[in-house]
Amino acid sequence: MTKCLICKSDFSPFINFGDMPIANAFSKKEELNDEYTFPMKVGFCSNCKMVQLVEQPDRERMFHDNYAFYSSTSKYMKDHFKLFSDSVSKLQHLDSNSFVVEIGCNDGIMLQNFISSNIPCLGIEPSENVASVATKKGLEVITEFFDQPLAKKILKSHQKADVILSANVMCHIPYMHSIFDGIKTLLKEDGIFIFEDPYLGEIIEKTSFDQIYDEHVFLFSALSINNLSQMHELELINVESQVTHGGSMRYTIAHKGAKKVSKNVFKLINQEKKLKLDEEQSYLSFTDKVNKIRDDLIKLLNELKNDRKKVVAYGATSKSTTVNNYFKITPDLVECIYDTTPIKQNKFSPGAHIPVLPYDQFRESDPDYVLLFAWNHATEIMKKEKDFMSTNRHWITYIPNVNIS
Ligand code: DWN
Ligand code: SAH
């Protein structure tokens, strides 16, 4: 039995992925024998409805001055954050007297839109290498982990925030009570806190198990976020689904009683109950589906190997660390992974040690099959590669099940 990170109730894991490396720890050859691993298990707390990792590595092992994920590698995500920023500016009537804070601003992909509209803003980003890209864009960034003590410190040098934003960061933070206390401290009385993260409902529906890795300590739902907000005299006032990262949810939170609660919130909570996201049994059948994907993909990769087909992968995602290590995919099944991120290139993937090569070499490698690890960017990538892939080459995808196209 394990204690829930949110309500301290006991729960048991529903899936055990075994020992996993740090999802973004791409290694040089000489570092391969020195990899850190942790036991990755996931459970559901039937009291507060939070789906969570049982154990997570210390935050400094994941977020540091050599963090491998740069947000601006996707053109689609740049456009998404431009639309997100514009809609928030309109909703809250932001102007040069307002103040916006973003938790986990990475390379400034979202906040750069506020600078260009002359709206004062501040980024919080502990991973120094990506933060320095944001700083070069003219942004003010505090390179620390956000929590309640940091919120108090910010208040001494800055004003309270009209809007606090965060994308794909909240689900990374196990100390959620300190975060929500920090929000309560930093948010104006009529301010809003908006964050988005991969959505539990989509993860269960699509069996997108690879959204689970060291950084993703929580898989949120409206049920769990509503419960957590109530514990802090905050209120979930809106939910809006997003297509990003394979299906995400945008949650808007305000001080309790400060704003009207949208019908969307009640609707989604009811839908989640109908889908039985509040029942342990749903998670046990999820595990069976993950194992079916594993068996099908391994069978296919072995057949292609026996047929001497050339199989490479596309996108050295964090998600692929779960796929490669849980499924035990080795370089004899998938020769290499092509990726546009310089910091990942000419290194080896975590645990599975598949070589990561510069994207520039992808086309000349002349593959027969391309395993799409960056499946969440399928529309953008498949459009880009349409001509190249049309002649006797095939994509392999595995979410929601194994497919060749
Ligand atoms: O939550 C998180 C999300 C937002 O980003 C973080 N914990 C870490 C990271 O997760 P991920 O690594 O699974 O994210 P992506 O966006 O699926 O990664 C895409 C990878 O594929 C990057 O390494 C860049 C690469 N890529 C590429 O080589 N060519 C991406 C695109 C769009 C391309 O055209
Ligand atoms: N918002 C970006 C980045 C997501 S990656 C996007 O959507 O693309 C997750 C980011 O959260 C990393 O850059 C990491 O350094 C940051 N992070 C992790 N813990 C944090 C914390 N406590 N406070 C602020 N940022 C944090």
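Structural remarks
- Criterion (away from ligand 2 (no atom under 16 Å from the Cβ) and within 23 Å of the chain's Cα centre (by Cα)) met by exactly one of Val323, Val334, Val312: Val323
- Among the criteria (1) within 16 Å of ligand 1 (Cβ to nearest atom); (2) free of Cβ contacts under 8 Å to residues at least 24 places away in the same chain; (3) among the basic types (Lys, Arg), the one Lys90 does not fulfil is (1).
- Residue check for Ala68: within 30 Å of Gln281 (Cα to Cα), within 13 Å of ligand 2 (Cβ to nearest atom) and hydrophobic (A, V, I, L, M, F, W, C): no
- Flag if Asn33 is of a type in the set (S, T, N, Q) and closer than 24 Å to Ala374 by Cβ: no
- Counting the residues of region 321-343 that are surrounded by fewer than 20 Cβ atoms within 10 Å (Cβ to Cβ) and either among the small types (Gly, Ala, Ser) or closer than 14 Å to Asn24 by Cα (or both) gives 3.
- Checked against (1) within 16 Å of ligand 2 (Cβ to nearest atom); (2) within 24 Å of Leu83 (Cα to Cα), Met176 passes all but condition (2).
- Total residues in region 255-273 satisfying the condition of being closer than 27 Å to Ser9 by Cβ and touching a strand residue (DSSP E or B) at 6+ places or on another chain (Cβ under 7 Å): the figure is 5.
- Enumeration of residues in region 316-344 that are farther than 14 Å from Pro367 by Cβ and within 10 Å of ligand 1 (Cβ to nearest atom): Ala316, Thr317, Ser318, Lys319, Ser320, Thr321, Thr322, Asp339, Thr340, Thr341, Ile343, Lys344
- Selection status of His177, within 16 Å of ligand 1 (Cβ to nearest atom) and touching a helix residue (DSSP H, G or I) at 6+ places or on another chain (Cβ under 9 Å): no
- Some residue of region 106-119 being closer than 20 Å to Thr185 by Cα, surrounded by fewer than 24 Cβ atoms within 10 Å (Cβ to Cβ) and not small (Gly, Ala, Ser): no
- Filter result (hydrophobic (A, V, I, L, M, F, W, C), surrounded by 15 or more Cβ atoms within 10 Å (Cβ to Cβ) and more than 30 Å from Phe17 (Cα to Cα)) within region 262-287: Val265
- Residue satisfying all of: in region 25-66; farther than 16 Å from Leu200 by Cα and of a type in the set (Ser, Thr, Tyr); surrounded by the most Cβ atoms within 10 Å (Cβ to Cβ) among these: Ser27
Each reported figure results from applying straightforward, stated rules to the coordinates on display, with no laboratory input. Given the structure is predicted, the values throughout are model-derived calculations rather than measurements. Using ideal geometry, Cβ is built from the backbone for each residue, glycine included, and neighbour counts are taken over all protein chains shown.
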